[in-house]
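To keep things clear, I will list the structure first and then write my remarks on it.
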Ligand SMILES: [Zn+2]
Ligand SMILES: [Zn+2]
């Protein structure tokens, strides 16, 4: 029979890899808490129209990358390709912005995109995202950027670059758009096929075209076309980033792929990732809440891929803490000893120790090998002799010392016999 395989663009996190994931997730949760972001969890699938409207009909995501299906009730549903529209939908639906004028939330959740199957392109990836909804203040921009940047620093990543730009607002962007069209129209023939289409649909996207990287350097910059309020906002974002000790580099070609961005756009990159160097990015989306049916409210946020964090950690050679080791492995020989072992493991687990016992009736040698493999701190050996004496032998796997411990002492006072600080 043919063997099943994980679907192209998906992957398994096997137990050996889980500690690295748990480490990244716990650093993220601690940082989010430090900044006062609360967790939000939304469903894996939504009404397709939410993304067509929220993400934008002209975007690559909606045009080419969504996993859209019709359910048995005839509804068009889509696996979440990005986190922001569902979060905004949930905040509107639950009246969160009526209860509080400003909401700060984060999420850790899988996203689904039908990416072209090249190296490193996943069809299900895990995203760390955060949103501040309800605040127009440039401090909100600086805080979401600082949350992402300092999380990456806490993970031990160095040589990070924060690229920063402002793409303006509905008042000043049309004029900028016109300038870009006027700049690129005469050179249209030199641009790639995608960009020749983009010039009418979304000329800003020409700026972040990978194929035309060398042809956009002399293009007009959005920051030179900002209206006075966008320009003042951007100046304050920059000075607040300085106050938060987050270094930035201005990048006029940074426009981000989504339709809804206004004003601040940013991206954090690592040189340890190769050509696709972004760890995550985001920006301000002041029109999105209203566009999705809520009362007008500004917003700013980011999305970042955990797989990329882990890749950068690995490539940079940052050590990742190992998973927690097993406290006690119980090696029992024979049924009576197994029953005694179960009694002791129950008592030890009750006191907060992690405890494992052989499930396959293996030899003592095989059980000790297993304990070694599990990196157990202690092994309790129980056989007929031990049962007769009413005590077990406690082996310290680090010092290789061994001592006899009465069963009653094991359950109630094992700390007195341990040389380590393995504590529940
Ligand atoms: Zn403006
Ligand atoms: Zn192009």
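The values are calculated or read from the model by the stated rules, or taken from the named source; none is laboratory data. Just so we're clear, the structure is a prediction, and the values are computed from it rather than from any experiment. Here the Cβ positions follow ideal geometry from the backbone for every residue, glycine too, while neighbour counts run over all protein chains shown.
Things worth noting here:
- The residues of the stretch 215-256 that are over 15 Å from residue 141 (Cβ atoms) and in contact with a helix residue (DSSP H, G or I) (Cβ under 7 Å, 6 or more places away or on another chain), listed by number, are 215, 216, 219, 220, 222, 225, 252, 253, 255.
- Residues within the stretch 66-78 that are surrounded by fewer than 19 Cβ atoms within 10 Å (Cβ to Cβ) and closer than 24 Å to residue 106 by Cα, tallied: 2
- Counting only strands (runs of 3 or more DSSP E) that sit wholly inside the stretch 32-92, those with at least 3 residues that are touching a helix residue (DSSP H, G or I) at 6+ places or on another chain (Cβ under 9 Å) and touching a residue at least 12 places away in the same chain (Cβ under 8 Å) are 76-79.
- Restricting attention to the stretch 176-209, the residues that are within 16 Å of ligand 1 (Cβ to nearest atom) and either in contact (Cβ under 8 Å) with a residue 12 or more places away in the chain or assigned to a loop (DSSP other than H, G, I, E, B) (or both) total 5.
- Test for residue 129: is it within 17 Å of the chain's Cα centre (by Cα) and at pLDDT below 95: no
- Selection status of residue 274, more than 16 Å from ligand 1 (Cβ to nearest atom) and either out of contact with any strand residue (DSSP E or B) (no Cβ under 6 Å at 6 or more places or on another chain) or in contact (Cβ under 8 Å) with a residue 60 or more places away in the chain (or both): yes
- Within the stretch 151-175, being at pLDDT 95 or above, assigned to a helix (DSSP H, G or I) and surrounded by fewer than 18 Cβ atoms within 10 Å (Cβ to Cβ) holds for 153, 154.
- Number of the exception - residue 27 against (1) touching a strand residue (DSSP E or B) at 6+ places or on another chain (Cβ under 6 Å); (2) farther than 19 Å from residue 133 by Cα; (3) in a helix (DSSP H, G or I): (1)
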